[in-house]
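Structure first, commentary second.
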């Protein structure tokens, strides 16, 4: 089973690392831990309608007493840099080797898989970068059981789950009154809603690019447009399969997810469709900007050629007069050999004639509208 492995944490602003693949014939379930991945940090949140606790644990075995209780246990693993802990995590939660492979060997296409008393969900989370353009992207894996939820993230420092944690500890809403399936919905909904701040920044960037393309397009503008198109394509690849993921969760008859939670998942599905519509709209706008840029550059080149043509047209008769008077004639031999060469005002008169011709040509060009600047496009 050949499977590609590379990290997409800086997918929008940094070049991807060299791709890594399993060797052909590799045993299914083989996991490969990235040497640069951060070590796992395990946080256990156990809550019920009356209380909630949170603690950081050192080993996966410490969460075993919480898995079969009536309270909801959320085991959040942040980081994929320790193979031993990951293997022990698979033993504690009785994960199928292929599930552990999908969790560790990122990136995996977002999907849903049913393993008897467990539901495995692979999703992709995006967050806007604070200091520059682009976004962070990472895989989030869910293993949903009857009374527990295991989440595995690539990065320990950032996620979009803080509002859900706050609702748990402040006992806001109905999250503490529901089971692990509602917790899974709340986290997936936070992932989908996390696309909107990213798209908002892309809307602002596209507006700025529109002004730049219309006012003064440069080759740097073209590079900006192309980069936005690439990043929007990555967003599309992240959100599109997650719509199918949500559709599967809504339609499949799985006992782990209650009918009440499926109603909430339909609302989450609507948000995913809205995100897809926004991504497609921005992609069309970016493609339109590319066309506008090419048109603006073409118009600018036409203006340059028009200016050069006007200058050439003005200097053609002037060059003709100067060329004629540059010939050597002897007026003593014949009165027809340019008698004006001996005129007292011959030189000023020649310059005056040339100036009148140039002014007349400029007036004709202006009257026909050939001197107007049309390289800048109006909105």
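Just so it is clear, none of the values below were taken in a lab; they were calculated from the coordinates. Predicted model, so just to flag it, every value in this text is computed and none were measured. Every residue, glycine as well, gets a Cβ built from its backbone with ideal geometry; the counts of neighbours run over all protein chains shown.
Table for the structure above
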| read-out | value |
| --- | --- |
| Distant alpha-carbon pairs in the range 302-367 (separation over 20 angstrom), percent | 42 percent |
| Relative contact order (%) - criterion: Cα under 8 Å, at least six apart; region: the chain | 14 percent |
| Residue 82/residue 281 FRET efficiency (R0 51 Å; Cβ-Cβ; nearest 0.05) | 0.75 |
| Degrees between helix 83-92 axis and first principal axis of the chain (Cα, 0 to 90, nearest 10) | 50 degrees |
| Among 43, 310, 228: highest mean-square fluctuation, GNM of the chain, C-alpha pairs under 10 Å | 310 |
| C-alpha long axis of helix 195-215 to longest principal axis of the chain, angle in ° | 0 degrees |
| For the chain, built as a Gaussian network whose Cα springs stay under 10 Å, the top-fluctuating residue of 296, 359, 186 | 359 |
| For the chain, built as a Gaussian network whose Cα springs stay under 10 Å, the top-fluctuating residue of 47, 363, 148 | 363 |
| Pair residue 362, residue 57: separation of 7 Å Cα→Cβ label points (nm) | 8.7 nm |
| Estimated inter-spin distance, residue 244 and residue 146, nm [label 7 Å along Cα→Cβ] | 3.2 nm |
| Between the range 137-177 and the range 285-321, the alpha-carbon center distance in angstrom | 59 Å |
| Span per principal axis, largest first, for the Cα atoms of the range 226-346 (Å) | 118, 18, 15 |
| Rounded to 10°, Cα long-axis angle of helix 346-367 versus longest principal axis of the chain | 40 degrees |
| Distance from the range 24-77 to the range 186-247 (C-alpha centre basis), Å | 33 Å |
| P(r), alpha carbons of the chain - 20 Å bins starting at zero, rounded % | 23, 38, 16, 11, 9, 4, 0 |
| Distance (nanometres) between label positions extended 7 Å along Cα→Cβ at residue 255 and residue 233 | 4.6 nm |
| Potential lengthening between residue 36 and residue 116 on full extension [0.36 nm per residue; Cα-Cα distance subtracted] | 25.4 nm |
